[in-house]
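Asks: The structure's right below; bear with me while I get my questions together.
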Amino acid sequence: MTFGEAISNGFSNYTNFRDRTPRSGFWWWFLFTQIVNIVAQVLMGVFAAMGQTAALIGAIIVLVVILGLLIPGIAVSVRRLHDLDKSGWWLLICLIPLVGAIILIVWFCTKGTEGPNRFGTDPLAATPPAPMPTV
């Protein structure tokens with residue numbers, strides 16, 4: 001999965017908590033969200049230097065970015081766990097300080113199950129070529 005495909009997949013499937021996302025899709029999405037968050041933070045700093053009213057606009061921009069990426073980010077994370085044949089509820093392990101985040105990072109770096117699992121088909125499985133038309 002490419003960077004653009006991962007972003008498109010993240011936004012188009014923001015309510016999909018059923019299927020699977022490969023490692024590449026998750027990590028490209030993660031990179032995209034980090035870049036957007038950094039840009040929003042820089043904008044907030046620029047607006048904050050302009051005065052109190054502008055600082056409020058900068059804070060609103062950051063809030064909109066965070067809220068706009070929250071649900072799609074959770075959905076991508078749940079689908080990544082599904083690729084490992086784990087329930088999406090395992091995402092709540094991040095509530096355990098430090099240990100939960102480490103476990104999730106290790107899982108997110110782990111190769112997904114090959115072939116279909118209980119959450120769907122392998123997103124990286126090679127699709128068979130289309131049959132050649134007969135004349």
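Asks: Report, largest value first, the span of the C-alpha coordinates of region 1-66 along each principal axis, in whole Å.
Replies: Result, largest extent first: 45, 20, 13 Å.
Asks: Further question on the same structure: As I understand it, the value is the acute angle between the Cα axis of helix 3-12 and the longest principal axis of the Cα atoms of the chain; what does it come to in degrees, rounded to 10?
Replies: It works out to around 80 degrees.
Asks: So, one more: Which whole-number percent of Cα pairs in region 40-135 have a distance greater than 20 Å?
Replies: Tail of P(r) above 20 Å: 60 percent of Cα pairs.
Asks: Please identify the longest segment of the chain free of exposed trypsin sites (Lys or Arg not before Pro), where exposed means a DSSP state other than H, G, I, E or B and no more than 11 other Cβ atoms within 10 Å.
Replies: In short, 1-110.
Asks: Using a Gaussian network model on the chain with a 10 Å cutoff between Cα atoms, which of 45, 112, 73 fluctuates the most?
Replies: Residue with maximal mean-square fluctuation among 45, 112, 73: 45.
Asks: In degrees between 0 and 90, to the nearest 10, how far off the longest principal axis of the chain does helix 99-109 point, with axes built from Cα atoms?
Replies: That works out to roughly 50 degrees.
Asks: Round to a whole number: what % of the accessible area of the chain belongs to carbon and sulfur, probe 1.4 Å?
Replies: Heavy-atom surface of the chain belonging to carbon and sulfur, 1.4 Å probe: 73 percent.
Asks: Let me ask something else. Please list 91, 43, 124 from largest to smallest accessible area, probe radius 1.4 Å, with all protein chains kept in place.
Replies: Ranking 91, 43, 124 by accessible area, largest first, yields 124, 43, 91.
Asks: Roll a 1.4 Å probe over the protein chains and send me the accessible area per residue for the chain in Å².
Replies: On a per-residue basis, 64 Å².
Asks: Express in nm, to one decimal, how much length is gained between residue 41 and residue 109 on full extension, taking 0.36 nm for each residue of separation and deducting their alpha carbon distance.
Replies: 21.8 nm
Asks: Separate question: In nm, give the distance between the simple-model label positions of residue 93 and residue 48, each being 7 Å from the Cα along the Cα-to-Cβ direction.
Replies: Spacing of the two 7 Å Cα→Cβ label points: 3.5 nm.
Asks: Using per-residue counts of other Cβ atoms within 10 Å, averaged over each peptide, order 55-68, 1-14 from highest down.
Replies: 1-14, 55-68
Asks: Further question: Accessible area of residue 29, 1.4 Å probe, to the nearest 10 Å²?
Replies: Result for residue 29: roughly 10 Å² accessible.
Asks: Give the Rg (one decimal place) followed by the Dmax (whole number) of region 43-89, computed from C-alpha coordinates and expressed in Å.
Replies: 16.7, 50
Asks: Taking the full set of protein chains and a 1.4 angstrom probe, give the accessible area of residue 134 in square angstrom, rounded to the nearest 10.
Replies: Ignoring ligands and nucleic acids, residue 134 comes out at about 130 Å².
Asks: What dipole magnitude, in Debye to the nearest 20, does the chain give about its Cα centre under +1 on Lys/Arg Cβ and -1 on Asp/Glu Cβ?
Replies: 160
The values are calculated or read from the model by the stated rules, or taken from the named source; none is laboratory data. The model shown is predicted, which means the values in this text are computed figures rather than measured ones. A quick note on method: Cβ atoms are made from the backbone with ideal geometry, for glycine too, and the neighbour counts reach across all protein chains shown. Please note that ligands, DNA and RNA were not included when accessible areas were found on the heavy atoms of the full protein model with its side chains. Shrake-Rupley method; radii C 1.70, N 1.55, O 1.52, S 1.80 Å.
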